[in-house]
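A.B. asks: Let me begin by handing over the structure; questions about it come next.
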Amino acid sequence: MILTTFLGALLGAMAIGIPIAFALLISGTALMWQLDMFDPQILAQNLINGANSFPLLAVPFFMLAGEIMTVGGLSRRIVDFALALVGHVKGGLGYVTIITACVMAALSGSAVADAAAMTALLLPMMTAAGHDRRRSAGLIASAGIIAPVIPPSIGLIIFGVAANVSISKLFLAGIFPGLMMGTALWMTWAYVVRKEDVKPLPRKNRQDILRAARESIWALGMPVIIVVGLRFGVFTPTEAAVVAAVYALFVSTVIYREMTLSSLYQVFFNSAKVSAIIMLLVAAAMVSAWLITVAGLPDMVIDLLEPLIDQPFLLMLVTMALIVLVGTSMDMTPTILILTPILMPAIKAAGIDPVYFGVMFIINTAIGLITPPVGTVLNTVAGVGRLSMDDTVRGAFPFLLAQLAILALLILFPDLVLVPAKWLY
């Protein structure tokens, strides 16, 4: 009855168009009524405490760094450097997209921001070169979802807070799987582009490559600083977010000099707006998470999954299948915040490494960003690229299969996540 009340209130509120943050508060209130413990003060206290978290300070600063990166010219220089390296090979612009996605993922941590920037920069170039517009948009969308996996990842931060797992370890564990996702896209693009009759761009000479490398070195320096700083304990993930924002601001205003005072205001406004949405979601979800714990829902889930507790592989299959289903109809942040407190006790009872599960969870929810009907990244690419949603979905389909194959491979062989992660720790 408790589970029915919670899910009924949540899904019912979402079905009539109430924003997810308020739907979470409604489901929490319904659960309090069911438990006969309704008290507005407790609701308000848990709402405030949900956002009162030092690690969550990383979210607005990484969002700010991502906005500055786009406006301040860092993204464009990364694209120019990738063009100089591989733009001359057959399908080179697709490889440029994948390289750019991996580098930008290490700068912003936001799939939507990266996908929007790459669509604006690369989709016109790919279309002008003769590439199929739908397939190009699908590649850009599929490459954009690498951002939540490679650090600094907003999704990993939220999971770490919700599951009480080390965010630094999650960051380091996400590097290799994120690169595997990029490799899968590279191989898929190489297969699909061989049928296209596209003339590659002229080969850049050594001087052009060195010039592009010299201009992009400041942009490429930021992910190195973040990863090295986390690896050697120079700063925490929250402090890394501040370093990233200050570094991006310095490079944009002093080195590249492409950011003006007027654009700086818009950058702060945009990052504050998105951060406020995320923080409200987190705060509302923490209310539900507290009530879920009080109501004993995790124990019910453990009892339900008890036959699988002694079989971690099957438990991972079931949980990943559940997350895939939820991810098709819900955005990444609410999926993390709703399912994490419910599933984590069962995961720990089965002896599954929480860091491994966290990375798999985020990969799964990232794939949900390019699955209809919600598909936030699909909608972003379709909007910026002025395509229909159906065309974008069809273009993304082969790349979606490639990302699902990586997910299946990591379920079959957990050491592909755990061994590189332990080395980086």
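A.B. asks: Convex hull over the alpha-carbon atoms of segment 382-425: what's its volume per residue in Å³?
C.D. replies: For segment 382-425, the hull spanned by Cα atoms encloses 92 Å³ per residue.
A.B. asks: Each label point is 7 Å from the Cα along the Cα-to-Cβ direction; what then is the distance between the points at Phe313 and Trp33, in nm?
C.D. replies: Spacing of the two 7 Å Cα→Cβ label points: 4.7 nm.
A.B. asks: Note down the net charge around Ser166, summing +1 for each Lys or Arg and -1 for each Asp or Glu among other residues with Cβ under 15 Å from its Cβ.
C.D. replies: Summing Lys/Arg as +1 and Asp/Glu as -1 gives +2.
A.B. asks: Kindly list the residues of segment 107-149 that lie in the label zone of Lys90, defined by a backbone N under 18 Å from the point 7 Å along the Cα-to-C-beta vector.
C.D. replies: Hits in segment 107-149 for Lys90 at 18 Å: 129-132, 136.
A.B. asks: Let me ask you something else. Any idea what the alpha-carbon Rg over 2.2 N^0.38 Å comes to for segment 154-193?
C.D. replies: 1.58
A.B. asks: How big is segment 173-238 by Rg and Dmax over its Cα atoms, in Å?
C.D. replies: According to the Cα coordinates of segment 173-238, Rg and Dmax are 17.5, 50 Å.
A.B. asks: Of the options Gly368, Phe38, Ala15, report the single residue whose Cα projects farthest towards the positive end of the charge dipole of segment 2-424 (beta-carbon charges: Lys, Arg +1; Asp, Glu -1).
C.D. replies: Working it through, the farthest residue towards the positive pole turns out to be Gly368.
A.B. asks: What does the extension gain come out to for Ile18 and Ala349, with contour length at 0.36 nm per residue minus their alpha carbon separation?
C.D. replies: Answer, rounded to one decimal: 115.7 nm.
A.B. asks: Using a simple charge model, +1 on the beta-carbon of Lys and Arg, -1 on the beta-carbon of Asp and Glu, nothing else, what dipole does the chain show about its Cα centre, in debye to the nearest 20?
C.D. replies: For the chain, the charge dipole is close to 1720 debye.
A.B. asks: Counting only pairs 8 or more places apart or on different chains, how many lysine pairs in the chain have C-alpha atoms closer than 24 Å?
C.D. replies: Lysine pairs meeting the criterion: 6.
A.B. asks: Once you place label points 7 Å from the Cα toward the Cβ at Ala321 and Asn205, how far apart are they in nm?
C.D. replies: Here the answer is 6.0 nm between the modelled labels.
A.B. asks: Averaged over every viewing direction, what's the projected area of the C-alpha convex hull for segment 232-298? Give it in nm², one decimal, please.
C.D. replies: 7.1 nm²
A.B. asks: Sticking with this one: Could you identify which residue out of Gln41, Gln266, Gln311 has the top mean-square fluctuation in a GNM of the chain using Cα springs shorter than 10 Å?
C.D. replies: Gln41
A.B. asks: When the chain is modelled as a GNM with alpha-carbon springs shorter than 10 Å, which of Leu170, Leu304, Leu281 fluctuates the most?
C.D. replies: Among Leu170, Leu304, Leu281, the largest mean-square fluctuation in the Gaussian network model of the chain belongs to Leu304.
A.B. asks: Additional query: With bins 5 Å wide starting at 0, give me the P(r) of segment 76-224 over every alpha carbon pair, in whole percents.
C.D. replies: Per 5 Å bin, starting at 0, the Cα pair percentages come out as 2, 11, 18, 21, 19, 14, 8, 4, 2, 1, 0.
A.B. asks: In sequence order, what are the phi-derived ³J(HN,Hα) couplings for segment 284-291 according to the Karplus relation 6.51 cos²θ - 1.76 cosθ + 1.60 with θ = phi - 60°, rounded to whole Hz, with x for glycine and proline?
C.D. replies: 3J(HN,Hα) across segment 284-291, in whole Hz: 5, 5, 5, 4, 5, 4, 5, 5.
A.B. asks: Another question about this same structure. Once R0 is set to 22 Å, what does the formula 1/(1 + (r/R0)^6) return for the Cβ-Cβ distance between Phe397 and Leu179, expressed as a FRET efficiency to the nearest 0.05?
C.D. replies: FRET efficiency, Phe397 to Leu179: 0.45.
A.B. asks: Return the inverse of the average 1/r over all pairs of distinct C-alpha atoms in segment 323-425, which is the Kirkwood hydrodynamic radius, in Å to one decimal.
C.D. replies: Averaging 1/r across every pair of different Cα atoms and inverting gives 14.9 Å.
A.B. asks: Next up: Gln266 versus Leu304, label points 7 Å from Cα toward the beta carbon: distance in nm?
C.D. replies: About 4.7 nm separates the two model spin labels.
A.B. asks: Report the residue, chosen from Ala162, Ala289, Ala349, that carries the largest GNM mean-square fluctuation when the chain is represented by alpha-carbon nodes joined by springs under 10 Å.
C.D. replies: Ala349
A.B. asks: Counting every Cα pair in segment 355-406, what percent are over 15 Å apart?
C.D. replies: 46 percent
A.B. asks: What list of ³J(HN,Hα) values in whole Hz, one per residue of segment 49-55 in order, does the Karplus curve 6.51 cos²θ - 1.76 cosθ + 1.60 (θ = phi - 60°) give from phi, with Gly and Pro shown as x?
C.D. replies: After applying 6.51 cos²θ - 1.76 cosθ + 1.60, I find 5, x, 9, 8, 9, 4, x Hz.
A.B. asks: What do the square roots of 5 times the Cα gyration tensor eigenvalues come to for segment 281-365, in whole Å, largest first, as semi-axes of the equivalent ellipsoid?
C.D. replies: 19, 16, 11
A.B. asks: How are the alpha carbon pair distances in the chain distributed across 10 Å bins from zero to the largest one, expressed in percent?
C.D. replies: That works out to 5, 22, 31, 26, 12, 4, 1, 0, in percent per bin.
A.B. asks: Dividing the convex hull volume of the Cα atoms of segment 6-150 by its residue count, what figure in Å³ per residue is obtained?
C.D. replies: It is 143 Å³ per residue.
A.B. asks: Still on this model: Would you kindly derive the ³J(HN,Hα) couplings of segment 70-86 from the backbone phi angles with the Karplus curve 6.51 cos²θ - 1.76 cosθ + 1.60 (θ = phi - 60°), listing them in order in whole Hz, with x for Gly and Pro?
C.D. replies: 6, 6, x, x, 5, 4, 5, 6, 5, 4, 4, 5, 5, 4, 5, 7, 10
Where a number appears in this text, it was derived from the coordinates with a stated rule and is not lab data. Predicted model, so just to flag it, every value in this text is computed and none were measured. Heads up, the Cβs are rebuilt from the backbone with ideal geometry, glycines too, and the neighbour counts pull from every protein chain shown.
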